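Below is one structure; the comments refer to it alone.
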Amino acid sequence: MTIPQNPENRDYERALAKMSPFEIKGTLISLAEKDDQCSTATFLNAGRGNPNWLLSRPRAAFFLLGEFALSEAARKVYDAPLGIVASPTQRGISERFISFLDSRKNSDGAEELSSYYKYMTGIHEVDPDAFVFEMVDGILGDHYPTPPRALKYSEMIVRDYLRWAMGGKDDPTVFDLFPTEGSTAGMCYAFETLKQNFLLNKGDKLALLTPCFTPYLEIPQLAQFGLEIVTVSANKIEKDGYHDWQYPTEELDKLRDPSIKAVCITNPSNPPSVCLAPNVLETLVDIVKKDNPHLMIITDDVYGTFVEGFRSLMYVLPYNTMCLYSFSKYFGATGWRVAAMAIRSDSNVFDDLIAELPEDRKTALAKRYASLTLNPSSIKFIDRLVADSRLVGLNHTAGLSCPQQIQMALFASFAYLRHAELQPRLIEMIHRRLNNLWSTTGFKLLPDPNRAGYYSEIDIMVWAKKFYGDDFTAYLEANYEPLDFVIRLADETSVVLLNGDGFDGPAWSVRASLANLDEDAYLRIGKAIRKILDGYHEAYIESKK
């Protein structure tokens, strides 16, 4: 879409508002960069949540492991000049690994690999040669993932990490994991397998707890799914004219309708970035236990580690819940594309609903998965996810690439074994940025123990009303499109934020990411937000004259 001479006109803004906020972002960046080039302004993009940090130690472990793996492959050489070497062998590999680490003992990578090795061979009592061989063979990527769903030892350490990260504490519940190419791939796989297994059919009701990550709004409405969306909204202003971004009982009660087959939850939310409060979790338990026992819950919990004491629904309602967790944000690893889907192993609503399907649908599914086993009805839902991710026929080549799984395991090991040091520092860093942002707006940031703070959703209308009154907010709504705020922000101040209504948030809200800029930048962003609001008020005063 061509940007007009004056982008701050209502016809253009109405047309632009039909797009996803992530697509609108490109237009806003163009406006901000244009202003940056012809003024003293500095372009600041707080529109997307890609963190500007990364965790170096598990990456150092990965690259050092790669060095060891190559030395293992070079033990047998086919063509030295061209570097054609043999696949490594398992026998005695753990002893050679320990010797290698001893020779690099002063490096970060060796320290992390040694901690991981000692934990797995000590606490889990795994076979040392088999464990080291999985890492070496995996990082070299010379075999298909075996088993296709998850590498054996990688799944074990990721399970341990997720139990801590998702608030499982000492909960003995075992979850099967399916590592995926980011949680976005997991979302696609989930919807597709639910459809293929007749658990979500066209016209079925799917509830969305909003505001939420935009694809959850868009994917269910695609023609191939055709689901009826029921919105459970946290947009209501709850306390003294402020948002708390929790879900009122009257909204949650919509889930008591047993015709609602599934619900998608982003927890902590995106963009408000607050986790479900204890009373909300209690209400959800009551709803499932009393009124909707077969409710399928898909919870996307990527930001959970930014809340101390976070508790995921995978441990609150484990029978009903499929959890998606991405390593992208906490580890600064969006480019690695590593995530995991988790479903309770021994019994879960997905397997039980498949078992209760009518005979004609069971027959159709037996035919679909017949190439995988002599008893297709025995295939668990999570293994159907794996098969469907490769259109069943390529199930034998399914699974996340082995090098990605090895890096994910090293991420999990580092964050799990060092969680007492790591989590407080990342939370503190995010909260300093958050406080800087709000400090220069003049707005009041209320304390909230449920706040992750990875994003901040600011409802401009709340502050317009508190600063300038009802007449001014009526003037804003009558004379401007909600998208006008982020367009002016980009065009006049070179600051890019996303429009909150693209996430089904309040129409005049904006989303700022606290992850991708340094602390001082948020002081300027806060000033820019206030400048645009005050500019509207000046226009309002002029209109009264």
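Given a 1.4 Å probe and the protein chains as shown, H431 ends up with an accessible area of around 60 Å². Spin-label model, K544/F63: points 7 Å from Cα along the beta carbon direction are separated by 6.1 nm.
A Förster radius of 30 Å combined with the Cβ-Cβ distance from D291 to D346 puts the calculated FRET efficiency at roughly 0.75. Per the Debye calculation on the range 202-348 with a single equal scatterer at every Cα and no solvent contribution, log₁₀ I(q)/I(0) for q = 0.13, 0.17, 0.18, 0.21 Å⁻¹ amounts to -0.58, -1.02, -1.14, -1.50.
Viscosity 0.890 mPa s, temperature 25 °C: what is the translational diffusion coefficient of the chain from Stokes-Einstein with a Kirkwood Rh over Cα pairs, rounded to a whole number of µm²/s? Mind showing how you got there, number by number?
Working: Rh = 25.3 Å.
Once the numbers are plugged in, D ends up at 97 µm²/s.
In this structure the amide hydrogen of Y455, modeled in the peptide plane, comes within under 5 Å of the amide hydrogens of L514, none closer than 5 places in sequence on its chain.
One Cα centroid belongs to the range 336-362, the other to the range 52-101; the line between them spans 37 Å.
With a 1.4 Å probe and all protein chains left in place, how much of the accessible area of the chain comes from carbon and sulfur atoms, in whole percent? Walk me through the intermediate numbers first.
Values: 11490 of 22550 Å².
So the carbon and sulfur contribution to the accessible surface is 51 percent.
Pairs K25/K239; K169/K261; K205/K236; K254/K290: which are spaced more than 21 Å apart, C-alpha to C-alpha? Beyond 21 Å: K25/K239; K169/K261; K205/K236.
Stretched out straight at 0.36 nm per residue, the stretch from E308 to T146 would grow longer than its current Cα-Cα span by 54.8 nm. Based on DSSP H segments of at least four residues, each scored -39500 (n - 2.57), the chain has a per-residue ellipticity at 222 nm of -14500 deg cm²/dmol.
Backbone geometry of the range 242-247 corresponds, through the Karplus equation with coefficients 6.51, -1.76 and 1.60 at θ = phi - 60°, to 3J(HN,Hα) couplings of 10, 8, 10, 6, 9, 9 Hz, x marking Gly and Pro.
Taking only the alpha-carbon atoms of the range 405-452, what semi-axes of the equivalent ellipsoid follow from 5 times the gyration tensor eigenvalues under a square root, in whole Å, largest first? Don't skip to the answer; put the middle values down first.
Details: eigenvalues 195, 23, 16 Å².
Ellipsoid semi-axes (Å, largest first): 31, 11, 9.
For the range 454-545, the mean projected area of the C-alpha convex hull, equal to one quarter of the hull surface, is 6.0 nm². Strictly greater than 17 Å: what percent of every Cα pair in the range 119-256 meets that? So the portion of pairs separated by more than 17 Å is 74 percent.
Rg and Dmax of the range 357-500, based on Cα coordinates, read 25.9, 71 Å. Based on the Cβ-Cβ distance of D470 and S233, what FRET efficiency does E = 1/(1 + (r/R0)^6) give at R0 = 22 Å, to the nearest 0.05? Efficiency computed from Cβ-Cβ geometry: 0.45.
How many percent of Cα pairs in the range 255-324 exceed 19 Å? Every Cα pair in the range 255-324 considered, those over 19 Å come to 27 percent.
Taken along its principal axes, the alpha carbon cloud of the range 257-414 reaches lengths of 47, 45, 25 Å, longest axis first. Packing, taken as the mean count of other beta carbons within 10 Å per residue, orders the peptides 117-127, 307-317 from highest to lowest as 307-317, 117-127.
Tell me the Kirkwood radius of the range 331-422: reciprocal of the mean inverse pair distance over distinct alpha-carbon atoms, in Å. Don't jump to the answer; show the numbers that get you there.
On the way: mean 1/r = 0.0636 Å⁻¹.
Computed over the range 331-422, the radius equals 15.7 Å.
Summarising the label geometry, the points placed 7 Å from Cα in the beta-carbon direction at E8 and K169 lie 5.3 nm from one another.
Sorted on the mean count of surrounding Cβ atoms within 10 Å across their residues, most packed first, peptides 319-329, 288-298, 352-362 read 319-329, 288-298, 352-362. Of T373, P211, M314, which is farthest on the positive side of the dipole of the chain, counting Cα position, with +1 on Lys and Arg Cβ, -1 on Asp and Glu Cβ, and the Cα centre as origin? Among T373, P211, M314, the one farthest towards the positive end of the dipole of the chain is T373.
To the nearest Å, what is the center-to-center distance of the range 138-215 and the range 370-440, using C-alpha atoms only? Centre-to-centre (Cα) distance: 7 Å. Computed 3J(HN,Hα) for the range 345-355, one whole-Hz value per residue from the Karplus formula 6.51 cos²θ - 1.76 cosθ + 1.60 where θ = phi - 60°, is 6, 6, 7, 7, 5, 5, 5, 5, 5, 5, 5, glycine and proline marked x.
Just the accessible area per residue of the chain, please: how many Å² with a 1.4 Å probe?
Values: 22550 Å² over 545 residues.
That works out to 41 Å² for each residue.
Were the residues from R48 through D534 laid out at 0.36 nm apart, the gain over their Cα-Cα distance would be 172.4 nm.
Full extension from I123 to S371: what is 0.36 nm times the residue separation minus their Cα-Cα distance, to one decimal in nm? Don't skip to the end; give the middle numbers.
On the way: separation 248, 0.36 × 248 = 89.28 nm, distance 3.84 nm.
Roughly 85.4 nm would be gained on extension.
Max-minus-min Cα coordinates of the range 48-87 on each principal axis give 47, 19, 15 Å, with the largest extent listed first. Taking all pairs of distinct Cα atoms, average 1/r, flip it, and tell me the Kirkwood hydrodynamic radius of the range 378-427 in Å to one decimal place. Evaluated on the range 378-427, it is 13.3 Å. Ranked by solvent-accessible area (1.4 Å probe, protein heavy atoms only, all chains present), the residues S378, S114 order from largest to smallest as S378, S114. Note on the range 243-376: dipole from Cβ charges, positive end direction compared against T266, W245, F331; the farthest Cα belongs to F331.
Calculated on the alpha-carbon coordinates, the convex hull of the range 97-186 measures out at 135 cubic angstrom per residue.
Label sites at Q221 and H419, each approximated as a point 7 angstrom past Cα along Cα to Cβ, lie 3.8 nm apart.
Evaluated with a Cβ-only charge set (Lys, Arg +1; Asp, Glu -1), the chain carries a dipole of roughly 480 debye about its Cα centre, given to the nearest 20.
The values are calculated or read from the model by the stated rules, or taken from the named source; none is laboratory data. Bear in mind that the values here come from a model prediction, so they are computed numbers and not experimental data. Because the Cβ atoms are built from the backbone with ideal geometry, glycine has one as well, and the counts that use them run over all protein chains shown. These accessible areas exclude ligands, DNA and RNA; they are computed on the full protein's heavy atoms, side chains included. Shrake-Rupley method; radii C 1.70, N 1.55, O 1.52, S 1.80 Å.
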